[in-house]
Amino acid sequence: MGSTIASFALEAAAKNGRSFTIRGGDGIHRNLLQVEGSLNGDVGIFEWIAGQENTLVHQRFIQGGKTTGFPNQNPARLPGHP
């Protein structure tokens, strides 16, 4: 069973992030939220995927990540990465 997304996360995404609708391999549409930020001095993105009834099904910080609209990115494969 998933967790509910914390309200502070939704507020941060609404103010500073972007929301995308994605479709999983199971054909179900979900909401992806990506917010640029930092964690322990490392710059990157926070991302959350909300399933049905706003249930949290994924959360992650990606060091060096960018807002792309795609979850679980590999920063080394992003354009402009050295």
Query raised in the report: So for the pair Glu36, Glu53, with labels modelled 7 Å out along Cα→Cβ, what separation do we get in nm?
Result: 3.6
**Report entry** Within-12-Å neighbourhood charge of Gln73 [Cβ basis; K, R +1; D, E -1]
**Finding:** +2
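The numbers here are math on the coordinates, done by the rules we state, and not lab data. This one's a predicted model, so the numbers in the text were calculated from it and none came from an experiment. FYI the Cβ positions are ideal-geometry reconstructions off the backbone, even for glycines, and counts take in every protein chain you see.
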